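The values are calculated or read from the model by the stated rules, or taken from the named source; none is laboratory data. What you see is a predicted model, and the numbers here were worked out from it, not measured in a lab. Here the Cβ is made from the backbone with ideal geometry for all residues, glycine too, and neighbour counts use every protein chain on show.
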Amino acid sequence: MSKICQTVKITHDSGLHARASTEFVRLAQRFQAEVSVSRPEGMAVDGKSIIAVMTLGAQLGDEIVIETVGPDATEALEALANLVRLDFHGV
Amino acid sequence: MEIRQGIPVSPGIIISEALILDSEELRIPQRFVEKDAIDGEVARFKQAVEDSNKSLEQEIDRLESEIEIHARILGVHRDLASDPMLHSEVEKLIRDNCYTAEHALSRVMNRYVRKLQDLKSPILRERVHDLQDVEKLLLSTLLGKRIEGLSNLKGEVVVIAHNLTPAQTAKLDPEKVKGFATDMGGKTSHTAIMGRALGIPAVVGLDNISTSVVGGDRIIIDGYRGVVIIDPDEDQVTDYLARAVEMEKLSLHFRSQAKLPAETIDGHLLEVHANIEIPSEVKSAIEFGAAGIGLYRTEFIHFQSPTGGEEVHFENYRSVLESLDGLPLTVRTLDLGGDKLPEGGLEEENPFLGCRSIRWCLANPEPFRSQIRAILRAGVLGPVRMMLPMITTIPELDKSLQIIDEVSSELRESDVEFDENMPLGVMVEVPSLALIASHVADRVSFLSIGSNDLVQYTLAVDRGNEHVADLYDPMHPAILQLISQLVRTGEDHGVRVSLCGEMASEPIYLPLLVGLGLREISVSPQLIPEVKQVIRNLLDYDVRILTERCLRMSDGESISRELRLWAVEHLPEVALRLT
């Protein structure tokens, strides 16, 4: 199975803060696919770990790379990228 | 093993277990388990996560209807506690290192707390508290009934913290706390004052010690040299134990001679007084050979009972005077503000240059008048002097003296007994006042140099800011010039000049202070025996020559070097502490 990825820009004012990270991780956990997140050229972290996602420290204007692999990888990637674009539903 | 260098603020050596405040606040009693207990330890951790989540769920349900924001925060906590990466890392540490669940959890959390603290975004940095809350919740669940509160610790510990606050130290059991080490702070921080008040070693300005140490780690704190060793090897422990014994012998020797007068070899008599904060310190001050109380800080009285007024103040003064049994007491009027904020006080951009101390008193005349009444009345119970802090202008001094006058008249009219002839003095803490000291000396009967603030205001250095702590130098030639001028002004006007502040308790500075002509100093009680011993080894003639040499130098570093060399040569007992 191959990995797929997408780069998205954070447009939420407070960046990937605690509650935004929570939303992201909760969504990621709904899929079977493995999810990892990284800053461009940074180390990838577990996208289902809130602590890991929070410690990325992504702020407004930063780009993050979402990578998924597994049976529902395409759906997972689409849903997560959308969540970031929609500013985590305004949390 | 890791060696850290900080700023020594309270002498002594201790080897003990670390207790981390802020992140931990719970003591981990055991760090390792037997190999065959590993599976049980992992299971214990999983159970604790489950139990914690259950209690969080209950709390969330309860709150959801009332306070939605709190419920949301607890939701984040629940997600943090269920984080799969946290679980796998904790399990790995337990299995690989035979750690207890508590110890493994602390280590993993510490690493992420540090990562969060290093982030650029201030919003994310604040999430450190959420992680620490979750750590505390999981730890307390794990420890169950074995929780030791801070106020009833079972074993001795050294306390490691980012920055100790009065609220935190108030919770600690002084019987069990044997040392302090903090990230922040300078020579005059709350940690420093508490360390000396408790007579335990303290080192501050250690950068990130609070996240480098895990609760239960073995720590050596060397309060003489400002060294902290995390997880020392056996050789270091042996060395330090030997050093601690030697130092203890030395201070016992000093203490055995504490009652001898502080007289130089050539017969110049000095008075060494004690700085205190609470009445119970008087007893040890006298045991340590104090000639009186040179600085009684009264802010604690105000904090304990902000509305208590005159009677609360009077009771405290009465109790101090009773213990002093005829020795003199100098009471400093309220010195609130700066780093000692009054309840409901102003939020100021720059509190050290704001409405603090005498400025606050003149703006809030009622508490000020109550205190003055109490001090004047206490004067009939023993020799009391009243001292006004932070005066910067003559009109300010005149206004304060006028209030004292008015209060005296009120007492006289209502036939209340008080001391009609109480000596009044000011603390010289800002350069502006030092430079017009002759006008001050015309109005009062003593001057007391508050060196901590005088250094801070002359050099424009915040004494609590570790980024500029190295610029805070009491040996800056400007400071020595100011002290020298003040002593001469005092002599010309027949007004006593004393010095209270940390610089008087630094043994290598003492020869210089004596050489500058100071004859009265005031220091923390337990430092008095050594200070007196140093004075007894000085020859006034010698130190005057030394001082003249120092006054010609252009920078504080050269002066300190000169004083250090001089001490090594002339004061063998001090030299022993410097090595």
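Within the range B:273-306, track down each residue that is under 18 Å from the mean Cα position of the chain (by Cα), modelled with pLDDT of 90 or more and of a type in the set (Phe, Trp, Tyr). The answer is B:TYR296, and nothing else. Across the range A:73-91, the number of residues qualifying as without any contact (Cβ under 8 Å) to a residue 24 or more places away in the chain and within 11 Å of the chain's Cα centre (by Cα) comes to 2. Among all positions in the range B:200-210, there is at least one residue which is more than 11 Å from the chain's Cα centre (by Cα) and part of a helix (DSSP H, G or I). Just one of the listed residues (B:ASP133, B:ASP39) is more than 10 Å from chain A (Cβ to nearest Cβ) and at pLDDT 90 or above, and it is B:ASP39. Inclusion of A:PRO40 among residues that are modelled with pLDDT of 90 or more, surrounded by fewer than 19 Cβ atoms within 10 Å (Cβ to Cβ), farther than 20 Å from A:ASP87 by Cβ and more than 13 Å from every other protein chain (Cβ to nearest Cβ) is not warranted. For the range B:524-579, the helices (runs of 4 or more DSSP H) that sit wholly inside it and include 3 or more residues that are of a type in the set (Gly, Ala, Ser) are B:556-570. The residue list B:LEU486, B:LEU499, B:LEU513, B:LEU482 contains one member that is buried (at least 21 other Cβ atoms within 10 Å of the Cβ) and under 13 Å from B:ALA262 (Cβ atoms), which is B:LEU513.
Listed conditions (1) within 26 Å of B:VAL134 (Cα to Cα); (2) of a type in the set (A, V, I, L, M, F, W, C); (3) within 13 Å of the chain's Cα centre (by Cα) are all met by A:MET43, apart from (3).
The single condition from (1) outside any helix (DSSP H, G or I); (2) farther than 23 Å from B:LEU454 by Cα that B:SER370 fails is (1). Say whether the condition of being among the small types (Gly, Ala, Ser) and buried (at least 17 other Cβ atoms within 10 Å of the Cβ) is met by at least one residue in the range B:298-305. Scanning the range B:298-305 turns up no residue that is among the small types (Gly, Ala, Ser) and buried (at least 17 other Cβ atoms within 10 Å of the Cβ).
The rows are residues; the columns are (1) within 12 Å of chain B (Cβ to nearest Cβ); (2) at positive phi; (3) at pLDDT below 90.
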site: A:LYS9; (1), (2), (3): no, no, no
site: A:SER14; (1), (2), (3): yes, no, yes
site: A:ASP46; (1), (2), (3): yes, no, no
site: A:GLY57; (1), (2), (3): yes, yes, yes
site: A:GLU63; (1), (2), (3): no, no, no
site: A:PRO71; (1), (2), (3): no, no, no
site: A:THR74; (1), (2), (3): no, no, no
site: A:GLU78; (1), (2), (3): no, no, no
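Of all the listed residues (B:LEU124, B:LEU153), the sole one being at pLDDT below 90 and more than 14 Å from chain A (Cβ to nearest Cβ) is B:LEU153. In the range B:69-93, the residue that is surrounded by the most Cβ atoms within 10 Å (Cβ to Cβ) out of those that are at the interface with chain A (Cβ under 8 Å from one of its Cβ atoms) and assigned to a helix (DSSP H, G or I) is B:LEU80.
For (1) within 36 Å of the chain's Cα centre (by Cα); (2) under 24 Å from A:ASP46 (Cβ atoms); (3) among the small types (Gly, Ala, Ser), each residue gets a yes or a no:
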{"site": "B:GLN58", "(1), (2), (3)": "no, no, no"}
{"site": "B:LEU63", "(1), (2), (3)": "no, no, no"}
{"site": "B:ASP79", "(1), (2), (3)": "no, yes, no"}
{"site": "B:HIS87", "(1), (2), (3)": "no, yes, no"}
{"site": "B:LYS92", "(1), (2), (3)": "no, yes, no"}
{"site": "B:ARG95", "(1), (2), (3)": "no, yes, no"}
{"site": "B:HIS103", "(1), (2), (3)": "yes, yes, no"}
{"site": "B:ARG107", "(1), (2), (3)": "yes, yes, no"}
{"site": "B:VAL113", "(1), (2), (3)": "yes, yes, no"}
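Residue-by-condition table, conditions (1) exposed (fewer than 14 other Cβ atoms within 10 Å of the Cβ); (2) free of Cβ contacts under 8 Å to residues at least 24 places away in the same chain; (3) over 9 Å from the mean Cα position of the chain (by Cα):
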site	(1), (2), (3)
A:SER2	yes, no, yes
A:SER14	no, no, yes
A:ALA18	no, no, yes
A:GLY47	no, no, no
A:LEU56	no, no, yes
A:ASP62	no, no, yes
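For the range A:26-37, the tally of residues that are crowded, with 24+ Cβ neighbours inside 10 Å and not small (Gly, Ala, Ser) stands at 2. Taking the condition free of Cβ contacts under 8 Å to residues at least 40 places away in the same chain and either more than 10 Å from chain A (Cβ to nearest Cβ) or crowded, with 19+ Cβ neighbours inside 10 Å (or both), does B:ARG107 pass? The answer is no for B:ARG107. When residues in the range B:358-367 are screened for being under 15 Å from B:PRO306 (Cβ atoms) and either surrounded by 20 or more Cβ atoms within 10 Å (Cβ to Cβ) or small (Gly, Ala, Ser) (or both), 3 of them pass.
Counting only residues that are modelled with pLDDT of 90 or more, outside any loop (DSSP other than H, G, I, E, B) and basic (Lys, Arg), the range A:16-37 holds 1 of them.
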